[in-house]
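The values are calculated or read from the model by the stated rules, or taken from the named source; none is laboratory data. What you see is a predicted model, and the numbers here were worked out from it, not measured in a lab. Don't worry about glycine lacking a Cβ; one is built from the backbone with ideal geometry, like all the others, and counts go over all protein chains shown. In case anyone asks, the SASA skips ligands and DNA or RNA and just uses the protein heavy atoms, side chains included. Shrake-Rupley method; radii C 1.70, N 1.55, O 1.52, S 1.80 Å.
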Amino acid sequence: MDWDALIKAYPDEKDTIQAARSLRERIYAAFASVDIPAIAQPPQSAGDLDPFVPCIASVCEAVWRDLTGHDPGFDMPGSISALLKGGDAGHVPEADRNRLEAVARQAVSRFLSLLRAKNPSVIPEAWNRGDCPFCGELARIGYDDESGRKLACLACGHTWRIPRLRCPSCGNADHTKLGYFEADGIEGVRVYFCRECARYLKVVDARVRVPSDAETDDSLTLELDRLAEKEGFS
């Protein structure tokens, strides 16, 4: 993540961005001593991460103590498991929920990135869909270059090639139901949408705009997300 670029783009959010940077640095440091396991297949669903919840929770607990000076007053493994499955960690005090979600989201992403780096052989070589072949997360951003289009997973960091003239979400190839739009002030980035499934994808044209990392490019183009959602795409 290019933190300086984010602060430059969103100066009013400087404190929030610096807090996010500090949190990430703490999480990365906590994972430095974690033994990442070998796996036989990629974790394509939240249920596939169940065996690793204790590892992720231990990191979250360490970061929690670092941030607050005390142990969490709730069941961290149970909370992580609930959040992974899209549930609500209702037993967590209201005052702690935002912090928990921020810590858990960053910890899970870091674990997935390390797990992917440790186990590259389990990732399918050929993959034409918009969901990540490693962790199952739907891609939010892609890149066009002379070789075609590739997608980037913001959860685990994996990148893979897909066909340009097809919706990565539903596979629709009917050009009359596919389209794109741009926004003034955001050069070299388009929103490609599909009227069949009402989903969209932000795509950076690396022939026009010098790309950064996927997280930074996604964060610098939030205005495109707002415009896409305003048009009814998700």
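General observations
- Note on the stretch 170-181: residues that are touching a residue at least 40 places away in the same chain (Cβ under 8 Å) and open to solvent by 40 Å² or more (accessible area, probe 1.4 Å) amount to 1.
- Residues of the stretch 119-131 that turn out to be open to solvent by 30 Å² or more (accessible area, probe 1.4 Å) and either modelled with pLDDT under 95 or in contact with a helix residue (DSSP H, G or I) (Cβ under 8 Å, 6 or more places away or on another chain) (or both), as a count: 6
- Qualifying residue in the stretch 92-108 (condition: out of contact with any His (no Cβ under 8 Å at 6 or more places or on another chain), assigned to a helix (DSSP H, G or I) and under 30 Å from ASP205 (Cβ atoms)): yes
- Qualifying positions in the stretch 95-118 - closer than 15 Å to LEU23 by Cα and buried (at least 18 other Cβ atoms within 10 Å of the Cβ): LEU100, VAL103, ALA104, GLN106, ALA107, VAL108, SER109, ARG110, PHE111
- Qualifying residue in the stretch 212-229 (condition: closer than 28 Å to ASP48 by Cβ and open to solvent by 60 Å² or more (accessible area, probe 1.4 Å)): no
- All positions within the stretch 54-79 that are of a type outside the set (S, T, N, Q), in a helix (DSSP H, G or I), open to solvent by 10 Å² or more (accessible area, probe 1.4 Å) and under 24 Å from SER22 (Cα atoms): PRO54, CYS55, GLU61, ALA62, ARG65, ASP66, LEU67, PRO77
- Residue count for the stretch 80-94, restricted to those that are small (Gly, Ala, Ser) and either open to solvent by 60 Å² or more (accessible area, probe 1.4 Å) or under 14 Å from the mean Cα position of the chain (by Cα) (or both): 1
- Number of the exception - ASP66 against (1) in contact (Cβ under 8 Å) with a residue 40 or more places away in the chain; (2) of a type in the set (Asp, Glu); (3) in contact with a His (Cβ under 9 Å, 6 or more places away or on another chain): (3)
- Residue selected from the stretch 193-210 under the condition without any contact (Cβ under 8 Å) to a residue 24 or more places away in the chain and of a type outside the set (Val, Ile, Thr), by the criterion most open to solvent (accessible area, probe 1.4 Å): ARG195
- Residue match in the stretch 174-181 (condition: of a type outside the set (Val, Ile, Thr) and closer than 27 Å to ALA5 by Cα): yes
- When PRO163 is tested against (1) within 26 Å of SER113 (Cα to Cα); (2) at pLDDT 95 or above; (3) not charged (D, E, K, R), only condition (2) is not met.
- Restricted to the stretch 132-161, and to residues there that are over 16 Å from ARG190 (Cβ atoms) and not in a loop (DSSP other than H, G, I, E, B), the residue that is most open to solvent (accessible area, probe 1.4 Å) is ARG161.
- Condition check for ARG166: more than 20 Å from ASP50 (Cα to Cα), basic (Lys, Arg) and touching a residue at least 60 places away in the same chain (Cβ under 8 Å): no
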